[in-house]
Amino acid sequence: MAFDPRQLEILRPQLVRFAALQLRNEALAEDAVSETMLAVLEHPDRFQEQSSFKTYVIGILKHKLLDQLRRGKREVQLSSDEDGDRSDADMMDALFTPTGHALEAAPSWGNPDETLERKEFFDILQLCIDKLPAKTGRIFMMREWLELDTDAICKELDITAANAWVLLHRARIRLKECLQLTWFGAQA
């Protein structure tokens, strides 16, 4: 076995958190993670060490989540009023002048490759995603993590393409703001 089975238990909380964000149901998230762990343990020879163990396990979980979404086994319907405490207008007023220019010049974020190699960055990114309104965070993760196209997301969430793009725009702005405050601002 190319990995220690205890590594799965260490990853379990992260896997459950990610699955719960996508499925909006703790029981279904636990099921998906359990299926993932079982798949890894039943076929340990499939891990070829071409990537990190965590990347390998998350890849399996992504497929389990996609299968779950395709089967339509979600039991919780999202309400349409989950856009958080701040309105778009408030958020734009806080970030931009009336002429559309940023209030503050964007600081240097350094070398992106070096940033992505640091584990702490992903911990902060996860915290920022967790702070997003549920629907906004979910659509962002479906698009950027599960790599679903807009049509699949719209079908899954029963929303229009325009609504999907608005939610993705909101997610990106809020993530940028959060990362600026908690990661890049702290690096300066």
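The values are calculated or read from the model by the stated rules, or taken from the named source; none is laboratory data. If you're wondering where the values come from, they're calculated on a predicted model, not measured in any experiment. We place every Cβ from the backbone using ideal geometry, glycine too, and count neighbours over all the protein chains shown. Side chains included, ligands, DNA and RNA excluded: accessible areas come from the protein's heavy atoms. Shrake-Rupley method; radii C 1.70, N 1.55, O 1.52, S 1.80 Å.
Out of curiosity, is S51 part of a loop (DSSP other than H, G, I, E, B), out of contact with any helix residue (DSSP H, G or I) (no Cβ under 7 Å at 6 or more places or on another chain), closer than 26 Å to F140 by Cβ and not β-branched (V, I, T)?
yes
Kindly list, by first and then second residue, each pair from a residue in segment 169-180 that is part of a helix (DSSP H, G or I) to a residue that is open to solvent by 50 Å² or more (accessible area, probe 1.4 Å) and among the hydrophobic types (A, V, I, L, M, F, W, C), limited to pairs with Cβ atoms under 8 Å and residues at least 6 apart or on different chains.
If the second residue must be open to solvent by 50 Å² or more (accessible area, probe 1.4 Å) and among the hydrophobic types (A, V, I, L, M, F, W, C), the pairs left are C178/L127.
Against the conditions (1) modelled with pLDDT of 75 or more; (2) open to solvent by 60 Å² or more (accessible area, probe 1.4 Å); (3) over 22 Å from S52 (Cβ atoms); (4) assigned to a loop (DSSP other than H, G, I, E, B), where does D130 fall short? Just the number, please.
(4)
Quick one: count up the residues across segment 136-147 that are assigned to a helix (DSSP H, G or I) and open to solvent by less than 20 Å² (accessible area, probe 1.4 Å).
The qualifying residues number 6.
What number of residues within segment 9-48 are among the basic types (K, R) and without any contact (Cβ under 8 Å) to a residue 12 or more places away in the chain?
Residues meeting the conditions: 1.
Looking at segment 148-157, is at least one residue of a type in the set (D, E), within 29 Å of S52 (Cα to Cα), exposed (fewer than 15 other Cβ atoms within 10 Å of the Cβ) and at pLDDT 85 or above?
There is at least one residue in segment 148-157 that is of a type in the set (D, E), within 29 Å of S52 (Cα to Cα), exposed (fewer than 15 other Cβ atoms within 10 Å of the Cβ) and at pLDDT 85 or above.
Okay, residues lined up against (1) of a type in the set (V, I, T); (2) out of contact with any strand residue (DSSP E or B) (no Cβ under 9 Å at 6 or more places or on another chain); (3) within 28 Å of L157 (Cα to Cα):
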site: P13; (1), (2), (3): no, yes, yes
site: V16; (1), (2), (3): yes, yes, yes
site: L28; (1), (2), (3): no, yes, yes
site: P44; (1), (2), (3): no, yes, no
site: H63; (1), (2), (3): no, yes, yes
site: L66; (1), (2), (3): no, yes, yes
